[in-house]
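Notes for the one structure printed next.
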Amino acid sequence: MTHAIKIAPSILSADFADFGREIQAIEAQGADWVHVDVMDGHFVPNLTFGPPAVAAFRKHVKTVMDVHLMIAPVDPYIEAFAEAGADIITAHVEAGPHIHRTLQAIRATGKKAGVALNPGTPAEAVAHVLDLTDLICVMTVNPGFGGQKFIDMSAEIHTLRRMIGDRPIHIEIDGGVTPETAPKVVAAGADVLVAGSAVFKGGSVENPEPYGANMRAIRASVQRMAA
Ligand code: DX5
Ligand code: ZN
């Protein structure tokens with residue numbers, strides 16, 4: 001299964017004055033998806049982008065725009081992020097009492113629906129919404145900032161893979177992914193790796209090769225594990 005691993009760089013670690021060229025650079029260097037972290041200063045203690053910014057990113061994304069909503073309430077904004085051009089919209093199970101309704105609302109826009117779990121939330125929280133879900137995002141940091149220390153959620157990932165069975169659901173890992181931490185989560189059943197600081201470190205739009213080398217290092221780490 002490791003050949004199907006996708007890397008989704010988080011543009012939270014990009015140059016905020018140059019998103020268009022940063023997105024082009026990570027895609028040219030081999031990114032599978034582009035991960036966009038939307039934060040509201042309420043659900044998480046940080047602020048990032050609203051729908052107009054996401055619509056501007058869309059013009060540069062040729063792969064898949066994976067929009068991670070760390071906002072509460074979330075339902076009033078789903079339509080706007082769908083119109084902004086998200087391919088996948090992920091909402092947190094902790095963001096409100098009605099994750100089932102939220103996932104229905106995302107599916108109703110025609111977009112893929114993701115559900116995210118904070119490290120303190122057990123896998124069982126998504127047991128009743130698996131048939132409304134295309135992706136489960138397992139947070140391996142407490143959301144809000146890039147560059148935090150990885151929290152090992154391998155046991156929960158195993159549990160989720162068992163719960164998912166043969167449903168076509170991605171398990172995405174978000175937070176602290178590096179060549180050292182990636183093998184563990186992939187062995188447990190993850191197939192999409194979000195990485196911010198580990199992809200962008202050492203590179204820039206003028207010097208984008210480190211982005212490619214950093215992504216190759218993550219891919220190589222999970223392939224070594226499979227060998
Ligand atoms: C955290 C965000 C992540 C973050 C990952 O709240 O959801 O996507 O940018 O950053 P790194 O890879 O630096 O931990
Ligand atoms: Zn994220």
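The values are calculated or read from the model by the stated rules, or taken from the named source; none is laboratory data. This one's a predicted model, so the numbers in the text were calculated from it and none came from an experiment. Positions of Cβ are backbone-derived with ideal geometry, glycine not excepted, and every protein chain shown enters the neighbour counts. Surface areas here come from the heavy atoms of the whole protein model, side chains and all, with no ligands, DNA or RNA. Shrake-Rupley method; radii C 1.70, N 1.55, O 1.52, S 1.80 Å.
General remarks:
- Qualifying residue in region 194-210 (condition: touching a Gly at 6+ places or on another chain (Cβ under 8 Å) and more than 23 Å from Val36 (Cβ to Cβ)): yes
- Screening Asp15, Asp32 for residues that are under 13 Å from the mean Cα position of the chain (by Cα) and either surrounded by fewer than 20 Cβ atoms within 10 Å (Cβ to Cβ) or outside any strand (DSSP E or B) (or both) leaves exactly one candidate, Asp32.
Each row is one residue, and each column tells you yes or no for (1) at pLDDT below 95; (2) over 15 Å from the mean Cα position of the chain (by Cα); (3) within 14 Å of ligand 1 (Cβ to nearest atom).
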| site | (1), (2), (3) |
| --- | --- |
| Pro97 | no, yes, no |
| Thr102 | no, yes, no |
| Gly110 | no, yes, no |
| Ala113 | no, no, no |
| Ala125 | no, yes, no |
| Asp134 | no, no, no |
| Thr140 | no, no, yes |
| Glu156 | no, yes, no |
| Ile164 | no, yes, no |
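To keep it simple, each residue is scored yes or no on (1) under 20 Å from Ser204 (Cβ atoms); (2) free of Cβ contacts under 8 Å to residues at least 60 places away in the same chain; (3) not β-branched (Val, Ile, Thr).
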residue	(1), (2), (3)
Leu12	yes, no, yes
Val34	yes, yes, no
Val44	no, no, no
Leu47	no, yes, yes
Met70	no, no, yes
Pro76	no, yes, yes
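- For region 13-57, a residue qualifies if it is touching a His at 6+ places or on another chain (Cβ under 8 Å), of a type outside the set (Asp, Glu) and within 16 Å of ligand 2 (Cβ to nearest atom), and the qualifying residues are Phe19, Ile23, His35, Val36, Val38, Phe43.
- Test for His60: is it open to solvent by 50 Å² or more (accessible area, probe 1.4 Å), within 16 Å of ligand 1 (Cβ to nearest atom), in a loop (DSSP other than H, G, I, E, B) and not aliphatic (A, V, I, L, M): no
- Annotation: Asp37 fulfils all but one of (1) part of a helix (DSSP H, G or I); (2) within 16 Å of ligand 1 (Cβ to nearest atom); (3) in contact with a helix residue (DSSP H, G or I) (Cβ under 6 Å, 6 or more places away or on another chain); the unmet one is (1).
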